[in-house]
Structures are given as structure tokens and as C-alpha cells.
1. What GluC sites (Glu not before Pro) in region 416-519 are in a loop by DSSP, with at most 10 other Cβ atoms within 10 Å of the Cβ?
2. Once the Cβ-Cβ distance between residue 132 and residue 266 is put in as r, and R0 is 35 Å, what FRET efficiency do you end up with, to the nearest 0.05?
3. Residue-wise, which Karplus ³J(HN,Hα) couplings in Hz belong to region 194-208, taking 6.51 cos²θ - 1.76 cosθ + 1.60, θ = phi - 60°, and x for glycine or proline?
4. May I ask you to compute the full-extension gain from residue 244 to residue 495, defined as 0.36 nm times their residue separation minus their alpha-carbon distance, rounded to one decimal in nm?
5. Length gain on complete extension for the stretch residue 340 to residue 206, per 0.36 nm per residue less the alpha carbon to alpha carbon distance?
6. Defining a contact as two alpha carbons under 8 Å apart and six or more residues distant in sequence, what relative contact order in percent does region 511-562 show?
7. Can you give the extra length, in nm with one decimal, that the chain gains between residue 324 and residue 292 once fully stretched, where that is 0.36 nm per residue apart less the Cα-Cα distance?
8. Would you order 315, 506 from fewest to most other beta-carbon atoms within 10 Å of each residue's own beta-carbon?
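Taken together, the values in this text are just the output of simple stated rules run on the coordinates, not laboratory data. Values in this document were obtained by computation on a predicted structure and should not be read as measured data. Because the Cβ atoms are built from the backbone with ideal geometry, glycine has one as well, and the counts that use them run over all protein chains shown.
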Amino acid sequence: MSKKDGRIEQMNRLNAWMLCAAAATPALAQPSMVIMGLGGTDLSPDGSTVLGSYYDAASQKGRLARFNVATGLSGVNVSDLGGIARFSNDLQTILYTGYNLENINNSTNSITYGTPTQYQTTGLACTWSSGIGRTNLGVSPTGNRCDYTINSPYDISGDGRWVVGGQWTNGLCGAYRAFVVDAVARTFTQLPISYEGAPAFTFASATRANCVNNNGTIAAGYDQNYPPQGGGVQVRRPAVWVKNGSTWTLTVLERAGGEIFVMNDAGNIVGGKDSLGQLCRWIRQGTTTTWTKEVIPGGNGAIPMAMSASGDAMVGDIFIWTPDINEGNVFSLNSHLFNLGASWLGEYRIYNPLGPAVWDISDDATKILIRGSDDRSLCLNTFSTALIDLTGTTACVPAQMIHDPVSDTSVAPAPGYYSYGIILNCMAGGTWPLNYQWQKETETGEWVDLYDDVYCNSTYAGTSFDVKAPTTSQLRLGFLSGTWRGRYRCVVSNACGQVTSAVARVGSCPADYNFDGGVDGDDVIAYFADWDAANPDADFTGDGGVDGDDVIVFFSRWDSSC
């Protein structure tokens with residue numbers, strides 16, 4: 001049996017299994033799913049809005065954006081994104097790793113090594129709000145680092161004021177320390193570290209705060225120091241910092257090892273792993289420094305990414321845990337969705353080859369932010385972020401374009417950058433299933449659907465196919481028959497809407513405007529037809545308009561035969 005036939009058989013079996021299960025189960029609302037069209041990293045408390053980023057190929061920058069299931073995409077005027085982003089409970093303050101643009105080549109706050117441009121824009125904590133805009137939270141007063149990162153923010157409090165993470169200290173290549181910063185007063189506080197007595201007689205070598213509660217009075221993460229048994233090797237240990245007045249107090253929850261990754265809104269329940277790698281919760285006893293440990297059954301090796309507001313649900317990796325699911329044992333989210341009757345499991349797989357697949361959970365534990373793979377095409381799997389509603393009550397979100405495909409008129413069909421062919425991406429959002437159909441314009445101006453050629457799944461080499469995956473978010477054009485030049489667009493539809501992308505032009509020379517492989521008078525005629533119609537394709541200056549300056553640039557390329 002071929003790989004292609006095997007995948008069809010697996011999908012048929014899974015669909016048949018689910019039909020049998022559905023026939024034997026009382027009718028309930030199936031879980032629904034909304035594709036985001038961006039890389040989501042945080043979820044609003046009510047589960048209606050996702051914060052994330054997408055790569056703008058035109059500007060070659062990562063851009064922040066929010067996607068609301070009712071109102072759609074809203075951009076954020078941030079283009080110096082360098083890491084994951086979090087937002088406050090009211091969604092108005094956004095935390096992200098930005099670039100130290102204010103201090104490029106400043107001898108105190110930026111270090112230049114290697115090539116002239118390397119490490120000149122160091123990474124550090126930044127916030128953005130609609131009223132203030134971007135705020136550089138400043139460099140820790142205790143030092144900087146011998147690479148591009150000064151500090152790494154990991155979380156922001158629900159009220160949007162307090163930021164926690166890890167920072168480099170004590171000058172060049174110093175220790176790494178947990179910090180909390182008041183984003184309003186822009187003041188850094190280095191959190192306390194442990195000290196181990198005999199036989200180690202040493203302070204913690206590294207600390208980091210991974211999470212903070214709603215009002216910024218409790219932070220948690222790790223403190224790295226020697227375990228009780230010694231052995232000459234320091235380990236990360238689960239740590240909690242509590243603020244009383246202006247003083248922070250450290251409590252190491254388990255000296256043998258572990259780490260805290262998440263906490264509930266109040267900060268009295270934290271989640272992480274212990275020294276044995278078991279998934280655990282630690283519950284604070286009143287206002288004391290005593291925390292009671294609870295090992296979660298079946299959670300060995302599980303790393304949580306998020307906890308519900310009450311602390312009674314955790315998600316991460318590809319698991320979900322609540323006391324009332326799977327008898328209180330850690331459970332595969334795919335299995336849980338199957339039990340709830342999610343009909344799309346044979347087509348969409350919760351999966352992330354580069355990290356955790358489950359990222360966040362709403363306060364009431366009914367909405368889950370995931371990353372997954374659209375497996376419907378036998379030629380290419382494509383990845384996306386999605387919001388799952390376990391109750392299936394989210395109204396249908398019409399298909400909408402997040403980022404149009406970007407033209408490429410300088411294609412060189414040779415090994416290297418184009419070894420996998422020409423790649424066009426159509427980033428869309430909306431309720432699953434989102435159906436993609438790439439089209440190409442004919443010489444008579446008609447738009448016709450593209451289809452996989454017979455070689456689509458035999459190899460990824462661009463020289464071995466013509467068209468791959470025209471019913472997915474990513475179209476690949478190969479060089480087998482030399483038919484790749486032209487104008488392309490993507491039509492995306494679902495049960496409640498349809499949207500068509502902007503046109504992407506693909507060619508080997510900008511002046512070859514009619515894509516016939518040469519530069520002559522016919523290209524001038526074709527160009528002025530678009531210029532007279534103010535077609536965006538005629539914008540050769542890239543300024544967003546079509547005017548006389550575009551004509552000058554076009555003829556400059558035409559005179560040089562490209």
C-alpha cells in the first residue's frame with residue numbers, strides 16, 4: 001500500500017469510527033473550530049479573542065494582530081516583534097519581545113559584535129497600548145548580555161501593569177535573574193534568589209519568572225541551585241515569589257528539582273513539573289508560605305502552557321486535564337475531542353512540529369487555543385493556529401483574508417531559494433472547514449481553478465512538478481513544464497462566507513509584464529492597460545498608489561530588459 005493509499009484508508013477508518021460513535025451517543029453540539037490565520041500565543045479570558053502574529057512577506061517583518069471571532073482581525077502598529085506576545089485581561093496592553101531601537105550602537109545598552117549589523121538591535125521587553133503606543137521598558141540597570149537578548153519577558157499581569165521574565169545581570173555575560181517590572185513607573189526589581197548552605201555554599205546560578213497573577217503580587221518560575229543530595233550539578237527548582245508591601249519573598253517548592261510554568265488568576269494555585277517530571281499543582285495554604293503539592297495522574301513528562309482562572313484545568317503539549325475528564329487523569333486533547341464528537345478530526349490534526357500544540361485555555365475552560373495541521377491535501381500538509389470551542393456554540397465566522405499572497409517577479413528557477421518551487425501563501429481566518437481554491441488567469445482574462453498534477457506527491461523538488469496543493473493555504477508552483485509565470489489568486493470559502501485574495505504576479509522579470517518570457521512592446525501595452533485602470537499591479541514604486549512615478553520605474557526596468 002502506498003503512503004497516499006494508506007492515508008486515505010486511515011481517514012476512512014477514523015470517519016467510520018466516529019459515525020458509529022455518534023450513532024451510539026445522544027445528540028450534543030459538536031466542538032467547533034475557528035482558523036485564525038496567524039500564529040496565536042495568547043487567548044482572552046472569555047476565549048473570544050486571540051493575540052498573535054503573522055509574517056508580512058512584503059515588508060519581511062513579523063506583525064502583531066488580534067483576531068476576534070465576532071469582529072475579525074484588528075492590526076497592532078508593531079513591526080519589531082521578536083518573540084511571543086501576551087495581553088492584559090482587558091486586551092488593551094500587549095507585552096512582547098521587541099528590539100532596542102532607541103539604543104542602537106549605544107555603548108551602554110547595545111553591543112556590536114561580528115559583522116557591523118550583528119547584535120546592534122538587542123531584544124528586550126516592550127509593551128503596546130492603543131492610548132500610548134509602543135513603550136520600550138528600558139534596560140535592566142544591572143547590566144547587559146553578550147548576545148542579542150538583554151531581557152526576555154514571559155508574562156503580563158491581568159491588570160496590565162506588571163511584567164515578569166528573566167534578565168542578564170552583573171555586566172557582560174553575567175548571571176540570569178528573574179525580574180518584575182512596573183510597566184507604568186518603568187522600574188525593574190530583581191527577584192530574590194536562593195542560597196544553599198553546606199556543602200554547596202552557593203547562590204542560585206539562574207532564576208526566571210514564567211508567570212504572574214492578576215494584580216502582580218505573586219510570580220512563579222524556577223530557581224537553579226544544587227539539590228539536597230548534591231552531586232555537583234545544579235537543577236531548576238520550582239519557585240514562587242510573593243510580594244508583601246514592597247518586599248518579595250522566595251519559596252522553593254521542591255529543592256530536588258522542577259519548574260513552575262502557569263498559575264491561576266489569584267496566584268494561589270500554580271502548575272508545573274516536579275523533580276520526577278510529573279505534572280503537578282501546588283496549592284497555597286491561605287496567606288502562608290506553605291504550598292501543598294498535588295501530583296496529576298498520568299502526567300509524567302507533561303508541560304503545562306496554561307491554567308484556567310480557577311486553577312481546575314490545565315492544557316499544554318497535546319493534553320488537557322480537569323478533575324472531571326478521564327477520571328482526573330491527564331488526557332489527550334485529540335481523544336477528548338473524539339469523545340465529544342468532533343467531526344473534523346480526520347481532516348485536521350492538533351500538531352506542532354516545533355513546540356507545544358496546545359497553547360491556552362479560557363477562564364471557563366471551554367475554549368482552547370491550539371496549533372495544528374490541515375491534512376486534507378494528499379500533496380501537502382499546511383499549519384495554522386485555531387480556536388476550539390468545546391461546547392460548539394460559537395457562531396459561524398465568515399471566511400476572511402488575513403494576509404494576501406505576495407507577488408514574486410524575480411524568480412530564478414534554480415537550486416537554492418526555489419529548490420521547492422515558488423511558494424505563495426494565502427493566510428485566511430474563519431470557521432472550519434475553510435476551503436481553499438487557487439486560480440490562475442488565462443490569456444483571455446478568465447480565472448480558472450488549478451489542480452494537482454500527477455507528480456504532486458512524488459517529490460518536493462521544484463523541477464519535478466508544475467502545481468502542488470492548490471486546495472490548501474499554500475500553493476507551490478514548479479518548473480517541470482515552464483508554465484509557472486502568470487497571475488494567481490486564492491478563493492477561500494466556508495459555510496457562511498467567501499473571500500478572494502488580491503492578485504499575486506509571478507515571473508522572472510518585472511518588465512516582462514505579460515509573462516511571455518521576453519521584454520518588448522507588448523509588455524508596455526499590457527502595463528498601460530493596468531495603469532489606466534489603476535490596477536495595483538501597476539504600482540512599481542510600492543507606495544500604495546498608481547501614478548506617474550510608477551511609469552518612470554517601469555520604463556527604467558523595461559529599458560534594462562528586466
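1. 443, 446
2. It comes to 0.80.
3. My calculation for region 194-208 gives 7, 9, 9, x, 4, x, 7, 6, 9, 7, 4, 7, 7, 9, 7 Hz in order.
4. Result: 85.0 nm gained on full extension.
5. Working: separation 134, 0.36 × 134 = 48.24 nm, distance 4.34 nm.
Contour length minus the Cα-Cα distance gives 43.9 nm.
6. 35
7. The span from residue 324 to residue 292 would gain 9.4 nm if fully extended.
8. Details: 315 27, 506 21.
By the 10 Å Cβ count, ascending: 506, 315.
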